[in-house]
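Please read the structure below before turning to the comments.
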Amino acid sequence: MHIVFGMVADGFAYPDFPGDGPGCLNGCIVGPLGFLEILETKLGLGGPPVTPVVRITAWQKKLQEAGKTGKRFWAASLAADPFSTARLILSWRDALVEGGWRPGVLANAPARLSDLAAAEAAGSPMPSGRADRLRAVIARLEAGDKAGIDRLETVEASDELPPGWLRLTELLSAGGTDVRQKVVQAPVEASSDLGRLHVFLKQGTRAELDGDDTVVEMEASTELSAAESVAEWIASDTEAGVGKTLVIAQTGSTALLDLALARLGQPVLGVSAASPFRGALQVLTLAFATVWKPFDAERFLDLLTLPNPPVRWAPGQFLARAVSRQPGIDGPEWKRAWENIEKWVLAETEDDKRKATKLLGELRAWSDVARFEHTMPAIDAKGITDRVRTWANTMAGAERDPLLMCVVGAAKALSEALTKLDETPVSRRQIEQMIDSAIAEGLGNPAHKPEASHLRAVSHPGAICGPVRRVVWWNFAGHEPASPPFPWYRVELEALESAGCCPEKPSNAARRMTAYWSNAALAASHGILLVRPAVIAGTEAGSHPFSHLLAPLFEEGGKRERITIRAEDVHERETIPVAARTITRRQDVAKSLPEARESWPLPAIADILAEKVESPTSLETLATCHLKWLLSHVADLGAGRIRSIPDANRLFGNIAHAIAQEVFVPGPVASGSQAKKLAEQIFDRVVQQIAAPLLKPGGAGDLAFARERIPRALGTLAELLTTDGWEIVGTEMEVTHDFGNGLKVKGYTDLRVRHPVHETGVIDLKWSRRDKRRRDEVKKGRAVQISTYGHAVEPGKSLPAAYFMLAQGSMLAEQASPLAKDPVKADRNLKDTWDAVVGMHRSWSDLAASGTAAASGIKGAPLPPGLVMVPPKTPCEYCEYGSLCRIQQAN
Ligand code: SF4
């Protein structure tokens, strides 16, 4: 068997197989995990792989056990943050094991090493990790077993291998395997720039570069611009079929470059970075996030709106609508959602009671569950992981969807980790850390796959295991992740070395990394293109450390510009030579953007308009812009926004309305202090039911504000009403009336009141940071909403109506109104305002029926003759249809 081994060659590596032929039998290129699997198979070792989260919790348990028999160096840290402490000390332990440490091998060991030995001996045996597996293989080889490998080529020189892996190669060599370093370097033309680069890297000798296109630095303002230019360069390949071009995806992803390649019809590279944030992988996190107190409506909505949610579409929509309107548990919308779900379940199961109960139980398990404060019994935590696992397994289907199988693996690992922890209850922090660890490795994009071509990609320069014609170092910028600090003191190192244990020193790891960079340049036989965007993923990217090593050569003779091009130049010129290829681009025909239109032709909609029932809000929209009213209230064309949780201001308004319904019951009005007290008493319950986001730690300020302001505002309103002798008729009462001439109205009054002299009055509750807008409406005779209510509640009468501004505690009404506590001198009274609304409705409806829509915010928009309520000067401030009427192009 012929193996090529590199310390970072697991996953994408180049070439595809050992040797120079068109294929290979009984050979492969592997990294540490692949190599261990082969050796374990040959030696009869191995077992199911153990995930990091299981090992960390097992180690945490062992640290705790060891702590019972003595004072250990980790005691304080372990008490403060058990999981993080266990993870850190486990990484030390694994590095020692890989270097050859065995507990008990040191007599009179320094304190920390002796504590580690105590942990190793405490409790159950430690589940094997990579280091343990390596040592098990080494032990078998030391015992004289044969691995049956004929030839082993290592990418790293022997003095660059970590001690454990060096020992492995020595044992294989001693056992008859032909072990040698793999030749990665390519032969080059000595007189070329690439030849000079090779000489510089091998001997340190500098010679001025000619700019012969064999060494090129491409600078780009952004990653996007770099992707466009590199894709053009790849598409301009005139050497197709002659050798390979290898792309080093420095950030572990070629997603952006692949988009540009696909746009040009080129095969893609298909390297995607593993991420724990891919759709289904979030189910585990979200399933736990929604069972803590306070209820996290935002995360619950995230769970329901995942691309592949665990709750079926219809019930998921009922719940999503409920929490996006009233984020909380057991509020009116929540209860309505469950009523709808129960009806849906019965229809879905065709009234089969047994099936219905089962389905309802499954739906409730994801949403209507017991909620925990700071800890959770282990049995409940396991119940959630089992539910996630069962769901993912079912959804994965026969195709074994890789993303869902990854969820199955993570849920299984979490369940095993909870067993290893053997602790109940489990703290929220511990569970969250365990989940993060279980999904930390994440998964690449399963849909992003490489396509067959002469292009190859690796995600690390160390994965280059042989010569290649051209190298493109994509995203040649930014820093390599810093290696963790070396934790051992000199006395500990001396003790370890005396026992033959040599944990790898950071300087050795750094030397190996530098060798990878040099290898990447030395592997190129015809050219290297270093692509350096100034900004990657929106973040300024510094220089790559290898570029500092190359700087003396590139700067030699002050001629760096000879090898440097700008990616943006490729976009600006018709023909440009880049790295031994000529990129040719053709100018496309310029297309102008669509222009704004002040009027639009309409189809025949007279029938629709005749059936239309207006609301006070739709009439207010009509008074603002004819086109906006048509789009929003006639065509019912929503913006299709993603469901979201209301902001704090809307939550304040919702809370105030909900509390008002309980405080203002029909009959005499409670005194101001009684109303305020009652509002305070029910405030917390209402917040839990419909405004749970305020209960989150970040909502403390808003919650305190609402707790103080809302009861006070309702107390003020009660005081105003009692002082003037008003009584409550009711809250949230429906009002509906057909006024004739095509105007039908339906709505709900927030608060209806009655007075022995003034009879019925209507109050609309509003929460707004400032009351200027509503005050101006009353002043200018444009208070469409309250004038509509004032004339629809008791048709034929013009009832007094007012806005009560909750945040300001002021009752806004025209000067003569009996409800006016903050009287506003109005240009047009409420009766005349209503007449204007009726006239406006008729005029705009006629215009629409005649086949014209007017975009009132655009200069020159048509106005119906005799319009009594003209649109305001700035109607577009809060409009979401600007991209349809193209208002931006008009200004
Ligand atoms: S942006 Fe202005 S003009 Fe356009 S639809 Fe909206 S309100 Fe009317």
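The values are calculated or read from the model by the stated rules, or taken from the named source; none is laboratory data. Please read these numbers as outputs of a predicted model, since none were measured by experiment. In this analysis, Cβ positions are derived from the backbone assuming ideal geometry, glycine residues included, and neighbour counts consider all displayed protein chains. These area figures cover heavy atoms from the full protein model, side chains too; ligands, DNA and RNA do not enter into them. Shrake-Rupley method; radii C 1.70, N 1.55, O 1.52, S 1.80 Å.
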- Task: Check cross-link reach from Lys559 to the lysines: straight Cα distance under 24 Å, and skip same-chain residues fewer than eight apart.
- Result: Lys202
- Can you give the accessible area per residue of the chain, in Å², using a 1.4 Å probe? 46
- Note on the structure: The set of residues whose placed amide H lies less than 5 Å from the amide H of Val271, leaving out same-chain residues fewer than 5 positions away, is Thr254
- Estimate the FRET efficiency between Val491 and Glu37 by the formula 1/(1 + (r/R0)^6), using the beta-carbon distance for r and 30 Å for R0, to the nearest 0.05. 0.20
- Query: From the backbone phi of segment 38-53, what are the Karplus-calculated ³J(HN,Hα) couplings (6.51 cos²θ - 1.76 cosθ + 1.60, θ = phi - 60°) in whole Hz, Gly and Pro given as x?
  - Reply: 5, 5, 4, 4, 5, 9, x, 9, x, x, x, x, 10, 6, x, 5
- Query: Contour minus end-to-end for Val535 and Gln203, with contour as 0.36 nm per residue of separation and end-to-end as the Cα-Cα distance?
  - Reply: 116.2 nm
- Item | Interchain or long-range residues, amide H under 5 Å from Val472's placed H | Leu246, Val247, Ile248, Leu529
- Task: State the extension gain, in nm to one decimal, for the chain segment bounded by Leu45 and Arg180, taking 0.36 nm per residue of separation less the distance between their alpha-carbons.
- Result: 46.1 nm
- Query: Taking the highest mean first, how do the peptides 749-757, 42-50, 161-169 order by number of other beta carbon atoms within 10 angstrom per residue?
  - Reply: 161-169, 749-757, 42-50
- Projecting the Cα atoms of Gly175, Thr85, Ala122 onto the charge dipole of segment 2-181, where Lys and Arg contribute +1 and Asp and Glu -1 at Cβ, the residue farthest towards the positive end is Ala122
- At 7 Å along the Cα-to-beta-carbon direction for both Ala704 and Arg371, put a label point, then send me their distance in nm to one decimal. 2.3
- Paramagnetic label zone (point 7 Å from Cα along Cα-to-C-beta, Ser615; backbone N under 16 Å) in segment 312-350: 321-322, 324-326, 333
- Efficiency of FRET between Leu264 and Val870 - r from beta-carbon atoms, R0 56 angstrom, step 0.05: 0.55
- Note on the structure: Those trypsin sites (Lys or Arg not before Pro) from segment 582-624 that are DSSP loop and have at most 13 other Cβ neighbours within 10 Å turn out to be Arg586, Lys591
- Message: P(r) for segment 46-113, please, calculated from all Cα pair distances in 5 Å bins and given in %.
- Response: 3, 15, 23, 26, 20, 9, 4, 0
- Query: What does the convex hull of the Cα atoms of segment 2-181 come to per residue, in Å³, rounded to a whole number?
  - Reply: 134
- Query: Sequence-distant or interchain residues sharing an amide H contact under 5 Å with Thr222, placed H: which?
  - Reply: Ala534, Val535
- Item | In nm, spacing of pseudo-spin labels at His479 and Thr349 (7 Å Cα→C-beta vector) | 5.8
- Message: Only four residue types carry charge here, +1 at the Cβ of Lys and Arg and -1 at the Cβ of Asp and Glu. Report the dipole size of the chain about the Cα centre in Debye, rounded to the nearest 20.
- Response: 1540
- Over all directions, average the projected area of the Cα convex hull of segment 261-340 and note it in nm². 7.5
- In Å³ and rounded to a whole number, note down the convex hull volume per residue for the Cα atoms of the chain. 237
- Phe17 - accessible surface, heavy atoms, 1.4 Å probe, Å² rounded to 10: 60
- Task: Arrange the peptides 768-774, 184-190 so that the one whose residues have, on average, the most other Cβ atoms within 10 Å appears first.
- Result: 184-190, 768-774
- Task: At q = 0.20 Å⁻¹, work out log10 I(q)/I(0) for segment 197-262 with the Debye formula, treating every Cα as an identical point scatterer and leaving solvent out; two decimals please.
- Result: -1.01
- Among Gly667, Asn340, Ala370, flag the residue with its Cα farthest along the positive direction of the charge dipole of the chain, charges on Cβ as +1 for Lys/Arg and -1 for Asp/Glu. Gly667
- How many nm is it between the label spots at Ala440 and Arg573, if each spot is 7 Å from the Cα in line with the beta carbon? 4.8
- Length gain on complete extension for the stretch Ser173 to Ala190, per 0.36 nm per residue less the alpha carbon to alpha carbon distance? 2.6 nm
- Note on the structure: Taking max minus min of the Cα coordinates of segment 838-891 on each principal axis, largest first, gives extents in Å of 30, 22, 19
- Query: Mind checking the alpha-carbon convex hull of segment 79-131 and giving the volume per residue in Å³?
  - Reply: 93
- Rounded, prolate or oblate (a/c below 1.5 giving rounded, otherwise prolate when a/b exceeds b/c) for segment 491-629 by Cα gyration tensor: oblate
- Message: Let's test the formula: R0 of 30 Å, r as the Cβ-Cβ distance of Tyr748 and Leu637. What FRET efficiency results, to the nearest 0.05?
- Response: 0.80
- Judged on accessible area alone, 1.4 Å probe, highest first, Ser124, Ser275 line up as Ser124, Ser275
- Give the span of segment 279-439's Cα atoms along each principal axis, as three whole-Å numbers ordered largest to smallest. 43, 39, 28
- Item | Residue (of Leu261, Leu631, Val757) at the positive-pole extreme of the chain, dipole from beta-carbon charges | Val757
